[in-house]
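Readers should treat all values here as calculations from the given coordinates under stated rules, not as data from a laboratory. Treat the numbers as computed from the prediction; the structure is a model and nothing was measured. Glycine also receives a Cβ, built like all others from the backbone with ideal geometry; neighbour counts cover every protein chain displayed.
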2 protein chains.
Amino acid sequence: MTDLPETMKALILTENGYSGTAEGPAIDRLEPYLEAAEIAVPQVKDGFALIRMIMSPVNPSDLHFIKGEYGEPRVKGAPAGFEGVGTVVAGDTPLVGQRVSIAGAGLGVWAEYALAPIATLIPCRPDLKDTDAAAQIVNPLTALALYDEHRAGDALIVTAALSQVGRMILQLARENDLPAIAVIRREEQAEAARAAGASECIVTAGEWRKNAARLISTVKPRLLIDAVGDQAVADIFGMMPNRARWLTYGKLSSETPRLETLGHLIFMDKRIDGFWLTRWFRDTPPDAIANAIGTVQERFVTGKWQTETGAIVPLDQVMAKLPDALRQPGKCFIRL
Amino acid sequence: MTDLPETMKALILTENGYSGTAEGPAIDRLEPYLEAAEIAVPQVKDGFALIRMIMSPVNPSDLHFIKGEYGEPRVKGAPAGFEGVGTVVAGDTPLVGQRVSIAGAGLGVWAEYALAPIATLIPCRPDLKDTDAAAQIVNPLTALALYDEHRAGDALIVTAALSQVGRMILQLARENDLPAIAVIRREEQAEAARAAGASECIVTAGEWRKNAARLISTVKPRLLIDAVGDQAVADIFGMMPNRARWLTYGKLSSETPRLETLGHLIFMDKRIDGFWLTRWFRDTPPDAIANAIGTVQERFVTGKWQTETGAIVPLDQVMAKLPDALRQPGKCFIRL
């Protein structure tokens, strides 16, 4: 075992539990939620490994969580951060010395060291980049699982189409010749959405509803994969045909949409439900999870999926620089 | 075959298709939608029987339909009316001369005679009252099917609790010792709701939300059977625990509810979907349908279910008297 320091740098939560708000992941200042601190390095315990973290992405779910708007309560004083990559430095596992990815609410990976259950360590292929390894779980497994919810031949609608999950789903749809309509906010995003794999775009600006209704009645998409949850999404759902399903997995908007077409649920057999990766992990057999992770690494290494990497912010500059970095294109990472 | 007249009295639709509105079933005047007319008696055709109608209920779905707000388009000039009881007077069936119930969008039973597919005729036990026989399909089968959607041991919430369907579900819950919370609008309705089978009541008046949340957190109901679809119902759904399901089968309110808790669908595995008896008939095996109908007749004859009968309006007085009659307690019937 390497000589370990007694303390480490970490970004710790300043509050307990839930905030009761529903503002969404937008964040101007980290100070109300996070604090840069020097805390004790966790002690290795039975069944756990200690990881020297290398890098972690900043996902919308991390921001929901630190704001107290996620499905798990905050623990004041514990580090934030849901997933990342690092090197195993201690623990009763042959993976000591190897690079692994870890993920989970409560792991607290925005720190120099993190503890993770040995059973959940994901070894990384050597040809997998650190950025891809750091972000291989939350978004890629969500994208795979959401895509798998379509019934054979049913076209898709994807909101937040240029997010990492959105792009991954569009790419899967293109590979499988499945029409996928990207929902975007500005006409200038259409080219990027088509390049990512969208067959068509709905631009929710100006007088967009009539064109959208016409497009939907032609393409007949029945699965709406949604991370936004605003009125535009509710209206798009209302335009969809019989047996349409609004599958929500994120809430980027703070709007509370009105359901103008509740009657569609009765007469048109529509439904609204949600996806949460934590539940997927609980309900999916271990071999299917391992299989999905193999698929993710293969797709990254062969270039079928590419992480649009944005700013990479060192741990000791996160408090000052992350809010600005989040406003730049691409996914932000923290170098740990 | 009896000597049949050439023409008959009927209440016919004045419009085609859908209205595009979503006002709900409230109705002040029938004139915009219906007309009392003398039209040709339908000709018997292969596979169909002609029924001399006796009586038909006026259900909310009939009112939605004549207003153009139901899941099937109107046909101008055709009679309205979805279900009723009558005597078979012609057709290639041993049921000629017998009393049968019929139901279906497009049957047009608000007339002296109606055609119905022989395969769908429901023979009535002699001990079944005409009012119960007339209304034995739409509401009772809906109540049975909705009740069957609860998972073993899961408590229920029932909106429009004093409607015919609401009362039937409450009675089923009581027989099975299942806690059922009735949602009512006025405190004065609580006694009737408890008598019908409710274990508890939520009165959606005044400052009701805090008490409702406390009650729901104690009883932990997971199935919300809803015929109202207003903001109060959406708020009640938001108070319900993990795995709660909002099952909508009617839209008595014209409010468009806001979904304040879309995130619950993600983190709490909640969902919203709909029930339509027409789909239930399509998706349910014939022997299960026959079984359910047997159960319904048995429950009426033995008094386990009782139709709260309101006004019975003769066919030739419907245009003048039905709107007033609908404002009285109990279910309205048309004597044909």
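Here is how the numbers come out for the structure above:
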{"quantity": "Evaluated over the stretch A:89-142, the Cα radius of gyration and Dmax, each in Å", "calculated": "11.2, 30"}
{"quantity": "Efficiency of FRET between A:Ser254 and A:Ala37 - r from beta-carbon atoms, R0 30 angstrom, step 0.05", "calculated": "0.55"}
{"quantity": "Cα gyration tensor, the stretch A:1-62 - rounded (a/c under 1.5), prolate or oblate", "calculated": "prolate"}
{"quantity": "Surface/4 of the Cα convex hull for the stretch A:131-197, nm²", "calculated": "4.6"}
{"quantity": "Other-copy label distances relative to A:Asn176, 7 angstrom Cα-Cβ extension, nm", "calculated": "3.6"}
{"quantity": "nm² value of the averaged projected area, convex hull over the Cα atoms of the stretch A:1-110", "calculated": "7.0"}
{"quantity": "Dipole magnitude of the stretch B:1-114, debye to nearest 20 (Cβ charges: Lys/Arg +1, Asp/Glu -1, about Cα centre)", "calculated": "140"}
{"quantity": "Chain A - charge dipole about Cα centre, Lys and Arg +1 at Cβ, Asp and Glu -1, debye rounded to 20", "calculated": "780"}
{"quantity": "Normalised alpha carbon radius of gyration of the stretch A:72-223 [divisor 2.2 N^0.38 Å]", "calculated": "1.32"}
{"quantity": "Most mobile of B:Ile102, B:Ile266, B:Ile39 in a GNM of chain B (Cα contacts under 10 Å)", "calculated": "B:Ile266"}
{"quantity": "√(5λ) per eigenvalue of the Cα gyration tensor, the stretch B:230-283, largest first, Å", "calculated": "22, 16, 8"}
{"quantity": "Ratio Rg/Rh, restricted to the protein assembly as shown and using Cα atoms, in which Rh is the Kirkwood radius", "calculated": "1.06"}
{"quantity": "Area projected by the alpha carbon convex hull of the stretch B:150-274, averaged over all directions, nm²", "calculated": "7.0"}
{"quantity": "Residues B:Arg194 and B:Asp287, FRET efficiency given R0 of 45 Å [Cβ-Cβ distance, rounded to 0.05]", "calculated": "0.80"}
{"quantity": "B:Thr295-A:Ala119 pseudo-label distance in nm [points 7 Å out on the Cα-to-Cβ vector]", "calculated": "4.0"}
{"quantity": "Sparsely packed GluC sites (Glu not before Pro) within the stretch A:227-325, loop by DSSP, other Cβ within 10 Å at most 16", "calculated": "A:Glu260, A:Glu308"}
{"quantity": "Radius of gyration and Dmax over the Cα atoms of the stretch B:236-325, both given in Å", "calculated": "19.5, 56"}
{"quantity": "For chain A, convex hull of alpha carbons as volume per residue, Å³", "calculated": "136"}
{"quantity": "Label distances, nm, A:Val301 versus same residue in remaining copies, Cβ-directed 7 Å point", "calculated": "7.2"}
{"quantity": "Label-reachable residues, the stretch B:299-332, where backbone N falls under 16 Å from a point 7 Å from B:Asp127's Cα toward its Cβ", "calculated": "B:299-306"}
{"quantity": "Candidates B:Ala152, B:Ala161, B:Ala135, ranked by Gaussian network fluctuation over chain B, Cα under 10 Å, top entry", "calculated": "B:Ala152"}
{"quantity": "Fully extended contour minus Cα-Cα distance, from B:Asn176 to B:Val96, at 0.36 nm per residue", "calculated": "24.9 nm"}
{"quantity": "Among B:215-221, A:60-66, the order from most to least packed when residues are scored by Cβ within 10 Å on average", "calculated": "A:60-66, B:215-221"}
{"quantity": "Label geometry 7 Å along the beta-carbon vector: A:Thr284 inter-copy distances in nm", "calculated": "3.7"}
{"quantity": "Expected 222 nm ellipticity per residue - DSSP helices of 4 or more, -39500 (n - 2.57), all of chain A, to 500", "calculated": "-8500 deg cm²/dmol"}
{"quantity": "Per-residue mean of C-beta atoms belonging to partner chains within 10 Å, peptide B:253-263", "calculated": "6"}
